[in-house]
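Written below as C-alpha cells is the structure these notes are about.
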C-alpha cells in the first residue's frame, strides 16, 4: 500500500520526505509511453484509434461505428434508470446555474476621442474527455460539456472509452454534446487535438483522466495544437482538521477519493496527534471493508501532524485538488489558503457534494496545478479580444506619446504612421 499511516510531524519531515509527499508529477516513462500514441494518431488517424482501442480497451471498433449515433443516445437515455436520469437532470441544472454566473460581458469606454474595449469571444469548438474503464462518470460529462455550452462554444464533442454506459450517454445528451465518440485514453486526446477521418479536430481539450490522458493533454498543448485547461490527473484530497472534526467523516472523505484510482492520494494534516491516529485507524477499517478495496489499498495515504500554522503552510505547498477544512474556525483557515482547486468547509460538506450536485466544477487541477490554476470554468472556453477606435482628436491627443516611444525604440515607421495622419487635412463632411 502507498501509505504512511503512522502520524509524522510536519516540522520533522526531511526535505526529501517533504518532496516525496508533495511531488506528484508523472513518471518520465509515462511521457515516453504516450508520445508514440499521440504521434501515430496524428499521422494515421482512424486506423491508429481502432488499433489502440483494441489493444488498450479490448474492444473491436471500426471507423464506421466510432461515433455514437443519435439513435443510440436516445435509446441509452430511455434505458437509463429513472432515478439516475432525474439526478443527472437536477445536477445539470445546478451546474448550469453556477456557470452562467461566470459569463462576462464585454466593455468599452471613451475619453478624449479614444475608445478602448474588450470582447469575450467563445472558442469555435471544444472537446470533452469523459473517463470510463473501471467506472461510469456521467457527472464528468456534465462538468465538461455544460461550461462550454454556457460559454457559447459552437460545437462541443466528447470522447469516452467503449463500451459507453447508458448513464454517461444520457448525461452527454442532457449536457448538450453535439457528437460523442467511443474512444478513450491518450489516443482520444490526440484524436480530438489533430482530428482524424472521423473525430473532429477541436480548439480545446478538457477533462480529467489517468496519468496517460493527462500526459497526452500536455503533449498536444506543447505541440501548439490545442488549448487545455490544466493537468487534471489522478484524484487527490488534503484535509486540514483539528480535534473538533468528526473522525468518521474525515476518513470517509479520504477513502472516497482513494477509491478513484490506484494513483490517487489522500493527506491528513491534523493539529492533534490522537485525533490523527484515530483517523488513520478508521481509514484502515474502511479500506478493509470497501467494495473497491484493491484500488483503495493501492492509493497513497499520508497522516501528518502539526500546529495550524504548519498545516496551512504545508497545504499551500501541496496545492491540493480537493481541500477539506474541518476546524473550529473554518473561515479563518480558508482566509490563509492560497493554493487549492476547490474547498469544502465544515463537517456537513463532503467532497462528493461538489463532485455531483453543488454546481461547482469537479474538473480540478492536480499534482500541484492549483498553484497556477482554478477549476474548469466558462473562462476556459473563451478568449479575449481588445479593440480601439480613435477620432482625429484622439490621435492628436496621444501622438506625442506614441511618436516619442516609437523613435526611442528605433521604429521610425511606427512614428510616421501617426505623423502622416496628422499632416493630412481633416476630411470635410
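Throughout, read-outs are computed from the coordinates displayed, never taken from laboratory work. Worth saying up front: this structure is predicted, and the values here are computed from it rather than measured. Here the Cβ positions follow ideal geometry from the backbone for every residue, glycine too, while neighbour counts run over all protein chains shown.
Rounded to whole Å, give me the distance from the Cα center of segment 87-103 to that of segment 265-293.
Cα centres, segment 87-103 to segment 265-293: 33 Å.
From the helices alone, meaning DSSP H stretches of at least four residues, give me the mean residue ellipticity at 222 nm for the chain, per-run term -39500 (n - 2.57), in deg cm²/dmol to the nearest 500. Each step should come with its number before you reach the end.
Values: 17 runs with 198 residues, N = 429.
After summing the helix terms and dividing by residue count, I get -14000 deg cm²/dmol.
Computed FRET efficiency, Cβ-Cβ of residue 352 and residue 385, R0 35 Å: what is it to the nearest 0.05?
Details: r = 39 Å, r/R0 = 1.12.
For residue 352 and residue 385, the calculated efficiency is 0.35.
Against the longest principal axis of the chain, how steep is helix 247-258, in degrees 0 to 90 to the nearest 10, with axes from Cα atoms?
60 degrees
Starting from the Cα of residue 404, step 7 Å along the direction of its Cβ; do the same at residue 335; then give the gap between the two resulting points in nm.
Between residue 404 and residue 335, the label points sit 4.5 nm apart.
How big is the shadow of the Cα convex hull of segment 5-85, averaged over all directions, in nm²? Present the calculation step by step, with values, prior to reporting the outcome.
On the way: hull surface 44.3 nm².
Mean projected area of the Cα convex hull: 11.1 nm².
What order, most packed first, do the peptides 287-299, 386-398, 323-335, 150-162 have when packing is the mean number of other Cβ atoms within 10 Å of each residue? Mind showing how you got there, number by number?
Details: 287-299: 16.2, 386-398: 13.4, 323-335: 18.2, 150-162: 22.4.
Averaged packing, sorted descending, gives the order 150-162, 323-335, 287-299, 386-398.
Quick check: residue separation of residue 313 and residue 200 times 0.36 nm, minus the Cα distance between them. What number comes out in nm?
Details: separation 113, 0.36 × 113 = 40.68 nm, distance 4.44 nm.
Full extension from residue 313 to residue 200 adds 36.2 nm.
Please report the spacing between the Cα centers of segment 1-62 and segment 361-429 in Å, no decimals.
41 Å
Find the relative contact order for the chain and round it to a whole percent, using C-alpha pairs within less than 8 Å whose residues are 6+ positions apart.
On the way: 878 pairs, mean separation 86.8, N = 429.
After rounding, I find 20 percent.
Taking the Cα centre of each part, how many Å lie between segment 153-225 and segment 112-142?
Using only Cα atoms to place each centre, the spacing works out to 13 Å.
Residue 25 to residue 423: extension gain in nm, 0.36 nm per residue of separation minus the Cα-Cα distance? Present the calculation step by step, with values, prior to reporting the outcome.
Working: separation 398, 0.36 × 398 = 143.28 nm, distance 5.99 nm.
Between residue 25 and residue 423, full extension yields an extra 137.3 nm.
Going by average Cβ density within 10 Å per residue, which order do the peptides 52-61, 91-100 take, highest to lowest?
Result, highest mean Cβ count within 10 Å first: 91-100, 52-61.
When the Cα atoms of segment 182-245 are enclosed in a convex hull and the volume is divided per residue, what value in Å³ results? Please report the intermediate quantities before stating the final value.
Working: hull volume 6.3 nm³, N = 64.
Normalising the Cα hull of segment 182-245 by residue number yields 98 Å³.
May I ask you to derive the FRET efficiency for residue 411 and residue 178 from their Cβ-Cβ distance with R0 = 45 Å, giving the value to the nearest 0.05? Write down the numbers at each step before the final one.
Values: r = 46 Å, r/R0 = 1.02.
It comes to 0.45.
7 Å from Cα along Cα→Cβ at both residue 101 and residue 60: what's the point-to-point distance in nm?
5.2 nm
Just to verify a number: FRET efficiency for residue 294 and residue 114, C-beta to C-beta distance, R0 = 56 Å, to 0.05?
Values: r = 65 Å, r/R0 = 1.17.
Calculated value: 0.30.
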